[in-house]
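Notes follow once the structure below has been shown.
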Amino acid sequence: MEKRVQVTARFANVSDGNHEAFRHVAAEALAISRREPGVLQYDWFFNDAETVCVVQETYADSSALLAHIANLGDTFAKLVHLGGGCELELFGDPPSMGAPGAGVQRSVFRSHFQGK
C-alpha cells in the first residue's frame, strides 16, 4: 500500500499589495520544508497574473505531513491571510488532523485506489 501523501494547496487571491509579503513568507515555508526529511516535494507555482499560487507537496507518509503542519505554525496562517484563504486537496491515506485551520475554505481527501 502506498504510504505517500500528496497535497495541492491553492492560495487563490494574492492581491497586488501582498505579492512581496507573500513571496517572503513562502520563502520561509520553503526553508522550513528543506529541514524536514519527510518532505519529498514542495514546489510553488504562480499563474501569469500572480494572483493564484499553487503548492504541490509530497510527503513520505501522513506522519511527515503532520510534522510539517506543526513546523509551519504561524507561517501557514500568514500565507492564508496574504493569499486570500487556502483550499487543500490531499491524496493518499488521510491523517487524523481534525478540523482544517482558520482560513482553509475547503479540504478534500482522496484515498489511494491504485497506481504504479
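The values are calculated or read from the model by the stated rules, or taken from the named source; none is laboratory data. This one's a predicted model, so the numbers in the text were calculated from it and none came from an experiment. Here the Cβ positions follow ideal geometry from the backbone for every residue, glycine too, while neighbour counts run over all protein chains shown. These area figures cover heavy atoms from the full protein model, side chains too; ligands, DNA and RNA do not enter into them. Shrake-Rupley method; radii C 1.70, N 1.55, O 1.52, S 1.80 Å.
Below is a table of values for the structure above.
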quantity: J(HN,Hα) series, region 7-15, from Karplus relation 6.51 cos²θ - 1.76 cosθ + 1.60, nearest Hz, glycine and proline x; calculated: 9, 10, 10, 10, 9, 9, 8, 7, 6
quantity: Dipole moment magnitude, nearest 20 debye, region 1-89 about Cα centre, only Lys, Arg, Asp, Glu C-beta charged; calculated: 260 debye
quantity: Between 0 and 90°, nearest 10: helix 19-34 axis offset from the chain longest Cα axis; calculated: 30 degrees
quantity: With all protein chains modelled, accessible area of SER111 [1.4 Å, Å²]; calculated: 90 Å²
quantity: Radius ratio Rg over Rh of the chain, counting only Cα atoms, Kirkwood formula for Rh; calculated: 0.96
quantity: Under Karplus coefficients 6.51, -1.76 and 1.60, residue-wise ³J(HN,Hα) of region 48-62 in Hz, glycine/proline x; calculated: 4, 7, 6, 9, 10, 10, 10, 10, 9, 10, 9, 10, 4, 6, 5
quantity: Value at 222 nm in deg cm²/dmol, rounded to 500, when DSSP H runs of n ≥ 4 in the chain each add -39,500 (n - 2.57); calculated: -9500 deg cm²/dmol
